[in-house]
Every structure is written in structure tokens, then in C-alpha cells.
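Worksheet: the structure to be examined is printed underneath.
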Amino acid sequence: MIIAGSLIIVCVMLLLGVSVYIAFGAVLIFIALIGDISMTGFLPTGATGIRSLVLLAIPLFMIAGGVMEKGKIAAPLVALAEMFIGHVKGGLNAASVLACGVFGSISGSANATLTCIGGIMMPHLKKANYPGGQSAALIVSAAPLGLLIPPSASHILYGWVAQQHVLKCFLSTVIPAIILISLLIVTNQFMLRKYHDIKLTERPDPFMPALLGKGRLAGPALMMPVIILGGIYGGVMTPTEAAGIAVCYAIPVAIYFYRGLTWKTLAQTIQTSGVTIGVVMLMIFMVLIVSDNLIAQGAPQLAKDMVYSVSENPIVILLMINVVMILIGMLMDDISGLLLATPILLPIAQSVGVDPIHFAAIIGVNLGMANITPPTAPLLYLGAQICDTPVSRMLWPTLVFIVFAWLPTLMLTTFVPQLSLWLPDLLLGK
């Protein structure tokens, strides 16, 4: 009764457009009334969980992402990528995908990646006569690379919830991200074959001096993921310490090197990031309590029994898990979806032999794809605003990218565990 009622309330309220934390707050009231539990009894669970030092990395990475977004740090990265492939038909689109990957590795956020890269690239793409709907759809489809390429706030949360090595969770999605980047570029090139009015960017001549100039300008931005990831995987820093270093590095680079920020606008950026952080942490607090109560009510075992009543075939079970995660991701953001899905679905996945690190990649790709999948598709609607392109023009190309890039990546990630486990095992051991 409590489990079914909780899920119905969440789904109905989210479909009505209610904020995630309010929807889960309504579930807490429902559990308190039906389960005869005092509301004050919920507070220790949420307070204990949210005090984790690991979670401190999330607001720090959000601040770093906000500073980079407002500090014009992405523009030199785009210019550098454009130098190599801008003279090729479809090169600017490919540069957009690569820029999403690089910026995603810095910001760890799909929204920040879409906002920054979309705002920079769309004017260039329109000026070069690229089809607007397809280009906007491609940037939207590439934005979740911010969730897959480390460091990722989602995988920090997954490692915390699933009690797994955070660094291994980071590495689990690197190869799937490379596969996704490749498929997005190939699919886009195929779709562009009938467009003949695209203006190509002239390749600089001589090339090397221009490359060195662009490289020097992009160097400080490129050093950020090197410092962060090198420090983490070199054992010098924890993810939380790396997030703090990211903030300390991004601020002077954005103010004194790229001059995209001043101390006044920095204060405004931190204030804006603070509002977002407050919403996210409140959301984590609410979802954490609901998830804990659903576990106490036996939701994981109930879900497992329901799945096994349909089939005991591991392939069928994994497909059902994927469908459930996509539906969850279509209704809520990646952080809420991860907090809700992990404790319920991970035991089912483990029962058919899925390694928890492998499952980190599965859930990451699923939630990333769900964020661009209609009809809800939060990134699709954000992309329409950022790229100044109607959703109607983006819808068909987005579906093509989902079918020919995201779905193959998801299937490979799900059924070829070596893609997710090889790199963590190689660098960190089993």
C-alpha cells in the first residue's frame, strides 16, 4: 500500500509539472499518515545521509561549472576543435560534440554543458548554413556527455549510495562516452549528406603557428581536467578535494586570463550557483528519506519478485531494468532518478551477475538518454531556448540520434560489461 501509493503520488505530481522536491515531500506526508510515522522521525535519516563528506564535492563542482560557464572558458576549446575539423563538411557539428565532451569533463553537468556549448556554437552553425534543427538536436544529444565523462556528480552520488569506489564509477562510463561521441558524429555526417549549402571554415595557412596560438589560449582551460583527474587518479586528491581545487583554479583563470568574469560578476555567479545547490541538496535530502523508507517497506524485494515473475532470463531482466530507468529519467532529473533507482534496481541487476561498477555505467547511460527522450525531455526544452530553435524542428533529428547513437551505446554498455570494467580494472585493479 505504502509503496504503490508513494510511486503513484510521485508519478502524478511530476507529470503535472510539480518540482521534484515538492513531489517527494508529498510522499513523505503520505508515508507519515499511512505508515503512522512521525515526520520528525524522518529528519535523522536525511540529516545523517546529507552530512557525508563525499556529497560536498557536488556543490563544489557546481560552483566550478558555473564559473567556467560564465567565465568564457569554453570558447577557446571550441576554437581549438574547430581548427582541426572546421574545414570538413559537418566539421562544426563534430566540433560541437567534442566541445561538449571536453566541457562536460570539466563541469560534470549536462545543463551547464548544453547552456555553454549551445550558446557558443549555434551562432557559428547558423552562419555556416548548417540545418538549425539538426544542429540543435545534436548539441542536446551530446550534452549528457557531461554526465558520462568524469568527474560526474551523478557518479559521486552513485558511489556513495551503492558503497562503491567513486573513481571506478568515474571510469566506468569513459569508453561508453567515446562510443557515443563516435556514433553521434557518424550519424550526423550521414544526415548531412544531402545538404550542399554548408559553408566550410578555411583551414589556417600556415597551420602550426595558428595551432600554437589557439593552443596557448586554450591551454589553461585544458589544464583543468588534467589537474583534477590527474590528482584524483594519481592518488593525490579525493574527489571532494579535487572539486575544491577546481573552484580555486577556475576563478583566477576566468577572471585574470580569459577575463570573462569580474569579482562582482563572480559574486553573482556564486549566488546563482548557491540557489541551484540549495535546490539540489534539498532534493537529495527528500529523495534520500523517501528511498530509505521504501527500502524499509521492502521495495527492492517487491521489485525483484515482480521482475522474476515476468522472466528469469538475464537478458530480459536487464532490458526491463533499462526500460524502468528510462521511464524514471523521463520523469525526473538524473540525481533524483539515480537516488531512487539505485537501491531498488541494483540488487536485481546483481542477482543476474551484473557488477556494481558495470551498473554505474548502465544507469549513467540510461539517465543521460532519458533526459533527451520525449515527451518530457528536460534537456530538449532547455536546448530549444539556448539554441533559439523550436522543439518541433529538433524533435525528429533528436529521435534519430537516440535510435542510432544512444540506443546502440546503451545496448553495448548493458551487454558488453568489459566496456565498463576494463578501464577501472586496468588503472585501479580489481
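Round to a whole number: what % of the accessible area of the chain belongs to carbon and sulfur, probe 1.4 Å?
About 69 percent, which is the carbon plus sulfur part of the accessible surface.
Among the lysines, select those whose C-alpha is under 22 Å from the C-alpha of residue 126, and discard any that sit fewer than 8 residues away in the same chain.
Cα-Cα hits under 22 Å: 72, 89, 194, 199.
Take the alpha carbon gyration tensor of region 275-323, find the square roots of its eigenvalues, order them as a ≥ b ≥ c, and report rounded if a/c is under 1.5; if not, report prolate when a/b exceeds b/c, else oblate.
Oblate is the answer for region 275-323, as a/c is 1.5 or above yet b/c matches or exceeds a/b.
So for the chain, taking the charge dipole from beta-carbon charges (+1 Lys/Arg, -1 Asp/Glu), which of 152, 363, 252 sits furthest toward the positive end?
So the residue we want is 252.
Please compute the contact order of the chain in relative form: average sequence separation of alpha-carbon pairs under 8 Å and at least six residues apart, divided by the residue count, as a percent.
The value is 25 percent.
Relative to the Cα centre, what is the charge dipole magnitude of the chain, using +1 at the beta carbon of each Lys and Arg, -1 at the beta carbon of each Asp and Glu, and rounding to the nearest 20 debye?
For the chain, the charge dipole is close to 1180 debye.
Any idea which of 352, 207, 139 is furthest toward the positive side of the dipole for the chain, if Lys and Arg beta-carbons carry +1 and Asp and Glu beta-carbons -1?
Farthest along the dipole direction, towards plus: 207.
For residue 194 and residue 263 in one chain, what is 0.36 nm times their gap in residues minus the Cα-Cα distance, to one decimal in nm?
20.0 nm
Going out from 0 in 10 Å bins, what whole percent of all Cα-Cα distances in region 65-210 drops into each bin?
The percentages, shortest bin first, are 12, 39, 32, 13, 4, 0.
Compute the helix-to-body angle for 74-85: its Cα long axis versus the longest principal axis of the chain, expressed 0 to 90° and rounded to tens.
60
Ignoring everything except DSSP H segments at least 4 long, calculate the 222 nm mean residue ellipticity for the chain; use -39,500 (n - 2.57) per segment, divide by total residues, nearest 500.
Helices in the chain give a 222 nm mean residue ellipticity of -24500 deg cm²/dmol.
With +1 assigned to the C-beta of every Lys and Arg and -1 to the C-beta of every Asp and Glu, and no other charges, what is the dipole magnitude of region 106-233 about the Cα centre in debye, to the nearest 20?
My answer is approximately 180 debye.
For an R0 of 30 angstrom, estimate the FRET efficiency from the Cβ-Cβ distance between residue 297 and residue 320 and round to the nearest 0.05.
About 0.90, to the nearest 0.05.
Excluding the sites themselves, what is the longest stretch of the chain that contains no GluC sites (Glu not before Pro) in a DSSP loop with at most 16 other C-beta atoms within 10 Å?
1-201
Using a Förster distance of 22 angstrom, determine the FRET efficiency expected from the C-beta separation of residue 18 and residue 385, and round it to 0.05.
Efficiency computed from Cβ-Cβ geometry: 0.60.
Report the charge-dipole magnitude of region 264-397 in Debye, nearest 20, computed about the Cα centre from +1 at each Lys and Arg Cβ and -1 at each Asp and Glu Cβ.
Charge dipole of region 264-397: 300 debye, to the nearest 20.
Using Cα atoms only, what is the angle between the long axis of helix 334-351 and the major principal axis of the chain, expressed in degrees (0 to 90) to the nearest 10?
With both axes taken from Cα atoms, the answer is about 60 degrees.
What does the extension gain come out to for residue 311 and residue 4, with contour length at 0.36 nm per residue minus their alpha carbon separation?
108.4 nm is the gain from fully extending residue 311 to residue 4.
What aspartates and glutamates could a cross-link reach from residue 264, if we take a straight Cα to Cα line under 20 Å and drop same-chain neighbours fewer than 8 places away?
Once the sequence-local aspartates and glutamates are set aside, what remains near residue 264 is 69.
Roll a 1.4 Å probe over the protein chains and send me the accessible area per residue for region 269-316 in Å².
52
Taking only Cα atoms, what is the 0 to 90° angle, nearest 10, from helix 418-428's long axis to the longest principal axis of the chain?
Roughly 80 degrees, rounded to the nearest 10.
Just tell me which aspartates and glutamates come within less than 12 Å, Cα to Cα, of residue 214; anything on the same chain fewer than 8 places away is out.
82
Determine the sum of side-chain charges near residue 83: Lys and Arg each +1, Asp and Glu each -1, restricted to other residues whose C-beta is under 9 angstrom from that of residue 83.
Once positives and negatives cancel, what remains is +1.
The values are calculated or read from the model by the stated rules, or taken from the named source; none is laboratory data. Keep in mind it's a predicted model, so treat the numbers as computed, not measured. No Cβ is skipped: glycine too gets one built from the backbone with ideal geometry, and neighbour counts run over all protein chains shown. For the accessible areas, the whole protein counts, side chains as well, though only heavy atoms, and no ligand, DNA or RNA atoms are used. Shrake-Rupley method; radii C 1.70, N 1.55, O 1.52, S 1.80 Å.
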